[in-house]
Amino acid sequence: MKVICTSPSFAKYDTTPIETLKQHGFELITLPADAPPEALEPHLPETVAMIVAFTEVNEALLAKAPQLKIVCKHGVGVDNIDLNATRERNIYVTNVPDANKHAVADFAFALILNGARQVTQAATETRAGNWPRIFATDVYGKTLGIIGLGNIGKQVALRAKGFNMRVIAFDFYPDEKFAAEHGVEFVSIDWLTEQSDFITLHTPLTDETRNLFDGARLRRMKKSAFLINVSRGGVVNEEDLFQALQDNVIAGAAADVFVQEPLNSHPLFSLTNFIPTSHIAGYTDGAISAIGERCVAQIVQCITQGDRPVNVMNGLA
């Protein structure tokens, strides 16, 4: 029984997930994250499970994997997996929604602080031999708007309280109990856009959220506001964001995710009021170890024990 893994961070800090697979009789096939379909093909006929990061799991791949029972996303977003095709073939699709919530929330707040205090710009200029006097803005006491108050968004809200921030949120499925307990106010997305000093995005990429922040919405933000995207590329229209930043429609932005990844260059990279990072928000030793262990637990649960795994994302009963 083969398990194909294309996540470069699987078992990076702890070999326990690999050992668990071996103990249950699985053969682990490790391939690069950017492995082409032909690299997977020789193994697909005997593959019962996959652990993927960004590999496109589509109908063409599924047709060559007759024994495949489960596809585990080594992370949260499953937009690279064809949910309809897997469901039609009775293949479970799972993710690990909360193992990296602290890592991503920490990173989101790091980008908020970086943007507000222009840390990256100060470091770059200081390294270049200048001694910049950069006058920035405060975070303490400001208004934070969170779009997507799920596992990660909630953790960002809790961190914001340490900075005495007013926290407002928009979510398609609001958790009123959490909001009431932690002083978070649910508002309309338009009100949030207009009132927030910092907006941080924690929503999946769906038909509803694609280009959620386009030129029109960016123009509704405060001129002094910052936009942080650690959710999915495509939630923000990158061309519109470039124009808004270039024209100083908003003060700044940061993104850990892009429509196309990986990237060697991008027009946004030329702007000093934009902070790009390479989709690393969830990459900490603790988060990566937890994600690997839970992926393997889902595989064992599904194949060895014959049970429905947890966190099924494609609606398969």
Checklist entry - Taking the range 130-139, which residues are open to solvent by 60 Å² or more (accessible area, probe 1.4 Å) and either touching a Cys at 6+ places or on another chain (Cβ under 6 Å) or closer than 17 Å to N273 by Cα (or both)? => result R133, F135, D138
Item to check | Neighbours by Cβ (under 8 Å, 6+ apart or cross-chain): first from the range 39-52, assigned to a loop (DSSP other than H, G, I, E, B); second of a type outside the set (S, T, Y) and open to solvent by less than 10 Å² (accessible area, probe 1.4 Å) | outcome: H43/I4
Checklist entry - When you go through P42, P37, P66, P97 one by one, which is the residue that is open to solvent by 70 Å² or more (accessible area, probe 1.4 Å), of a type outside the set (D, E) and at pLDDT below 95? => result P37
Checklist entry - Where in the range 60-175 are the strands (runs of 3 or more DSSP E), entirely inside, with at least 2 residues that are in the same structural domain as S270 (by the TED database)? => result 143-147, 166-170
Next on the checklist: Looking for something farther than 30 Å from V119 by Cα and either in a loop (DSSP other than H, G, I, E, B) or charged (D, E, K, R) (or both) - is there at least one such residue anywhere in the range 271-293?
Outcome noted: yes
Item to check | Subset of the range 69-90 (residues that are more than 30 Å from D285 (Cβ to Cβ) and either open to solvent by less than 20 Å² (accessible area, probe 1.4 Å) or not charged (D, E, K, R) (or both)) | outcome: L83, N84, A85, T86, N90
Next on the checklist: Within the range 286-300, does at least one residue satisfy the condition of being surrounded by fewer than 20 Cβ atoms within 10 Å (Cβ to Cβ) and touching a His at 6+ places or on another chain (Cβ under 6 Å)?
Outcome noted: yes
Checklist entry - Going through the range 263-301 one residue at a time, which ones are in contact (Cβ under 8 Å) with a residue 24 or more places away in the chain, over 14 Å from the mean Cα position of the chain (by Cα) and closer than 28 Å to D247 by Cβ? => result H266, P267, L268, L271, T272, N273, F274, I275
Checklist entry - Is it the case that the range 65-72 has a residue that's in contact (Cβ under 8 Å) with a residue 24 or more places away in the chain and under 23 Å from the mean Cα position of the chain (by Cα)? => result yes
Checklist outcome for this item: Sole miss for G183 among (1) surrounded by fewer than 15 Cβ atoms within 10 Å (Cβ to Cβ); (2) on the phi < 0 side of the Ramachandran plot is condition (2)
Checklist entry - R127 versus (1) open to solvent by 70 Å² or more (accessible area, probe 1.4 Å); (2) closer than 30 Å to V76 by Cβ; (3) of a type in the set (D, E, K, R): which is the lone unmet condition? => result (2)
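The values are calculated or read from the model by the stated rules, or taken from the named source; none is laboratory data. These numbers come from a predicted model, not from an experiment. Cβ: placed from backbone, ideal geometry, glycine included. Neighbour counts: every protein chain shown. Note: areas computed on protein heavy atoms with side chains; ligands, DNA, RNA excluded. Shrake-Rupley method; radii C 1.70, N 1.55, O 1.52, S 1.80 Å.
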